[in-house]
1. May I ask you to list pairs of residues, at least six apart or on different chains, whose Cβ atoms are under 8 Å apart, with the first in segment 212-227 being closer than 9 Å to residue 176 by Cα and the second being open to solvent by 90 Å² or more (accessible area, probe 1.4 Å) and modelled with pLDDT of 95 or more?
2. Condition test on residue 169, is it among the hydroxyl-bearing types (Ser, Thr, Tyr) and assigned by TED's automatic domain parsing to the domain that holds residue 34?
3. Can you go through 187, 210 and tell me which one is of a type in the set (Ser, Thr, Tyr) and under 25 Å from the mean Cα position of the chain (by Cα)?
4. Applying the selection to segment 178-200, what residues are open to solvent by 100 Å² or more (accessible area, probe 1.4 Å) and not in a helix (DSSP H, G or I)?
5. In the list 137, 125, 112, which residue meets the criterion of being surrounded by 17 or more Cβ atoms within 10 Å (Cβ to Cβ) and either closer than 18 Å to residue 168 by Cβ or not assigned by TED's automatic domain parsing to the domain that holds residue 36 (or both)?
6. Surrounded by fewer than 15 Cβ atoms within 10 Å (Cβ to Cβ), at pLDDT 95 or above and either out of contact with any Gly (no Cβ under 9 Å at 6 or more places or on another chain) or over 24 Å from residue 143 (Cβ atoms) (or both): which single residue out of 17, 105, 9 fits that description?
7. Is at least one residue of segment 60-69 touching a Pro at 6+ places or on another chain (Cβ under 9 Å), in contact (Cβ under 8 Å) with a residue 24 or more places away in the chain and surrounded by fewer than 20 Cβ atoms within 10 Å (Cβ to Cβ)?
8. Is there a residue in segment 118-129 that is hydrophobic (A, V, I, L, M, F, W, C) and assigned to a strand (DSSP E or B)?
Amino acid sequence: MGYSKRIETLCSLLIKTEVFADVGCDHGYCSEYMLKNGLCEKAILSDISKGSLAKAEELLAEYIQDGRAVSVLGDGFYGVPKDVGEVLIAGMGGSEIVSILSDKTYGFMPNRFVFQPMHDAEKLRRYILENGGEIERDFTFADGKFYDVICGKKAKGGGQVRDYSEAEYEFGRENLEKMPTDFVKRTKKHLVNIDKYLKNSNLQQESRETLEKRKRRLQGVLSGEVK
Ligand SMILES: C[S@@+](CC[C@H](N)C(=O)[O-])C[C@H]1O[C@@H](n2cnc3c(N)ncnc32)[C@H](O)[C@@H]1O
């Protein structure tokens, strides 16, 4: 079966590892990709929902049978060892991902990670950089909707120097430096939406000022002034 562009983008960022954990795996496509292509010796399929996990268990039944995949029903990193080689958490909110990483009992900064937050990417970037993580790739891509993907690793020595600007936290350093096409498209789309709201003559003054401020910021992003 051909994967969606979103799943293919996630897979393209995964690298060879011994043990791979797909947290919130649902269908388990990315684990299938890892196992089929010999990119991991073992995959941990985990999900908080029994129904979601059942989909991955069905897709990967043969791998489970021969011991190359194990399924875990649980919240976040429950059942995922701290020394796991690589972790994927995709399709959840950034705040939810932060809750998983920071959980007092099971949380940790993975050796390598690919995160695809559905929103709150800024919160996730801050958490990663303030808690011993290093960001390697961080860009916006489109597959019907716009998505952000953030991947990286646990920083050697315990923490990356916090040298991100406020704009880099908000938009992602790679987006600001390289201006990928889909990031530019998303920013232009936001600007079109802001202009639509601004045409409303009943708009309260405070809301108008907020929108105009946002418009200037996004225009600054596109012109390269906001760094
Ligand atoms: C939208 S699906 C995304 C599935 C897949 N990762 C993808 O990107 O296509 C989100 C999945 O995360 C699971 N989930 C949500 N919160 C979770 C948590 N705290 N721990 C584990 N799984 C969770 C849901 O049950 C659901 O199966």
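1. Once the first residue is closer than 9 Å to residue 176 by Cα and sits in segment 212-227, its partners that are open to solvent by 90 Å² or more (accessible area, probe 1.4 Å) and modelled with pLDDT of 95 or more give 222/188.
2. no
3. Details: 210 fails: under 25 Å from the mean Cα position of the chain (by Cα).
After ruling out the rest, the residue left standing is 187.
4. Listed by number, the list holds a single entry, 199.
5. Numbers: 137 fails: surrounded by 17 or more Cβ atoms within 10 Å (Cβ to Cβ); 112 fails: either closer than 18 Å to residue 168 by Cβ or not assigned by TED's automatic domain parsing to the domain that holds residue 36 (or both).
Of the residues listed, the single one that is surrounded by 17 or more Cβ atoms within 10 Å (Cβ to Cβ) and either closer than 18 Å to residue 168 by Cβ or not assigned by TED's automatic domain parsing to the domain that holds residue 36 (or both) is 125.
6. Result of the check over 17, 105, 9: 105.
7. For segment 60-69, residues touching a Pro at 6+ places or on another chain (Cβ under 9 Å), in contact (Cβ under 8 Å) with a residue 24 or more places away in the chain and surrounded by fewer than 20 Cβ atoms within 10 Å (Cβ to Cβ): absent.
8. No: zero hits.
The values are calculated or read from the model by the stated rules, or taken from the named source; none is laboratory data. This is a predicted model, so every value here is computed, not measured. Methodologically, a virtual Cβ is constructed for each residue, glycine included, from the backbone with ideal geometry; neighbour enumeration extends over all protein chains shown. Areas reflect the complete protein model, heavy atoms only, side chains present, ligands, DNA and RNA absent. Shrake-Rupley method; radii C 1.70, N 1.55, O 1.52, S 1.80 Å.
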